[in-house]
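Okay, structure first, notes after.
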Amino acid sequence: MKKTAQHLFLKVTSPQVKRWIIPALTSLVVVSIFVAVLLTRQTAPTKQTPNQPVATTTLTSEDIGLPSPELRSGNSIEAVLKARRTRRDFLDKELTLKQVSQMLWAGQGVTVDWGGRTAPSAKSTYPLTLFLIANKVAGLEAGEYQYIPEDRTPVHRLKPIKAVDLQQAIYEALKESSFKNAPAVIVITGNMDKMAESYGGIPHDKEVYLEAGHAGENLYLQAESLKLGMVTISGFDEAKVKDLVTIPAGDTIIYLVPFGIPKQ
Ligand SMILES: Cc1cc2nc3c(=O)[nH]c(=O)nc-3n(C[C@H](O)[C@H](O)[C@H](O)COP(=O)(O)O)c2cc1C
C-alpha cells in the first residue's frame with residue numbers, strides 16, 4: 001500500500017507529468033470560473049414581478065427603454081373611479097421615469113401579442129400617437145419624445161425628437177395655468193387618414209376623437225391610482241402648439257394632458 005502511494009507520488013511529480021498536469025489544472029480552473037459566472041448571470045433575480053414580461057427588444061442607440069409597466073396596485077378600479085378628478089395645480093417637483101412610463105402605457109401601451117392596446121380602437125386601426133413633453137422627469141433630458149408602444153407585449157420606449165425646455169414657452173403661448181408647473185405633458189394626436197383607410201377611404205374622424213377619449217380616461221384612472229394629478233385640455237390653438245412641438249404633418253392634436261404631483 002505504502003509502496004503504491006510512493007509510486008504514484010513519484011509519477012505525479014515526474015517532469016513529464018508536470019508538463020501537462022499544471023496547464024490542465026489551470027485550464028480546468030479557468031473554465032469553471034467562466035461557467036460559474038455565466039450561470040450566475042442567467043439566474044440573477046430581476047426586479048420584475050412574475051406577471052411582468054421582461055423587455056427584450058434591442059434598442060437603437062437613440063431610443064430610451066422604459067421600465068416595464070406595473071400590473072398590480074393597492075387600488076380597486078372602483079376606488080379609482082370614485083376618486084378620479086381633474087387636477088390643474090402641480091407641485092414644482094420632478095416625476096420619476098417609472099411614473100411617466102406607467103402613464104404612457106396606460107394611454108396606449110400594447111398588452112397582447114397581436115398588438116392590442118390598453119385603449120380600444122375602431123377596426124384595430126390605432127391612429128393615435130402619444131408625444132411626451134418632459135420638463136422635469138428624472139433621467140430624461142428636457143425635451144420632446146414620441147412614445148413607441150411596440151407591436152409586441154410591453155416592450156415600450158421613447159424616441160427622442162428634440163432637446164428643448166418647453167415649460168415656459170407652452171405656458172406663455174396657451175395662457176393655461178396648468179402648464180405653469182407641470183413637470184410633463186402628454187400630447188395625444190390622431191391620424192384621420194389612417195382611420196379613413198380602414199374604412200375604404202371614407203373619413204371616420206369621429207372614431208379617432210372617441211379613441212382619444214378612451215386614452216384620456218385611461219390616463220385619468222392611472223394618474224389617480226399613482227396619486228398624480230392631470231387635466232385633459234382640448235381648448236387650445238393648434239397652430240400655436242404646432243409652432244412649439246414637432247408633430248407629423250398629417251396628425252391632428254386632440255388633447256394636451258399636463259400632469260404631475262397635485263398641489264392639494
Ligand atoms: C373633452 C374634454 C375637454 C376638456 N377640455 C378642457 C380644457 O380645455 N381646459 C380645462 O381646463 N379642462 C378641460 N377639461 C376638463 C373638464 O373641465 C373637467 O373634466 C370638468 O370640469 C369636470 O371635472 P372632473 O374631471 O374633475 O370630473 C376637458 C374635459 C373633457 C372631457
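Annotation: the residues 147, 171, sorted from fewest to most other C-beta atoms within 10 Å of their own C-beta, follow the order 171, 147. As a rough footprinting exposure proxy, the listed residues 89, 237 were ranked by other beta carbons within 10 Å of their own, and the order from fewest upward is 237, 89. Across segment 199-258, Cα-Cα pairs more than 13 Å apart make up 69 percent of the total. Diffusion of segment 64-260 by Stokes-Einstein, at 25 °C in a medium of 0.890 mPa s and with Rh set to the Kirkwood radius over alpha-carbon pairs, works out to 145 µm²/s. Annotation: extensible slack from residue 77 through residue 63 equals 1.8 nm (criterion: 0.36 nm per residue apart, minus Cα-Cα distance).
Sequence-ordered 3J(HN,Hα) estimates for segment 81-93 from the Karplus curve with 6.51, -1.76 and 1.60 and θ = phi - 60° stand at 4, 5, 8, 4, 8, 6, 10, 10, 10, 10, 6, 7, 10 Hz, glycine and proline given as x. Apply the Debye scattering formula to segment 55-149, with a single equal point scatterer on each alpha-carbon and no solvent, then give log10 I(q)/I(0) at q = 0.10, 0.15, 0.18, 0.22 Å⁻¹. Log10 of I(q)/I(0), two decimals: -0.33, -0.77, -1.09, -1.42. Inter-part distance, segment 216-264 to segment 192-215, computed on C-alpha centroids, equals 19 Å. Peptides 63-73, 249-259 ranked from most to least packed, by the mean per-residue count of other Cβ atoms within 10 Å: 249-259, 63-73. In this rough spin-label picture, where each label sits 7 Å from Cα along the Cβ direction, the residue 86-residue 246 distance is 3.2 nm. Using Stokes-Einstein with the Kirkwood hydrodynamic radius over Cα pairs, what translational diffusion coefficient do you get for segment 157-205 at 20 °C and a viscosity of 1.002 mPa s, in µm²/s rounded to a whole number? Approximately 156 µm²/s, per Stokes-Einstein. One chain, two ends: residue 138 and residue 202. Fully extended at 0.36 nm per residue, the span grows by 18.7 nm beyond their Cα-Cα distance.
Laboratory data are not the source of any read-out in this text; all were calculated from the coordinates shown. The model shown is predicted, which means the values in this text are computed figures rather than measured ones. Backbone-built Cβ (ideal geometry, glycine too); neighbour counts: all protein chains shown.
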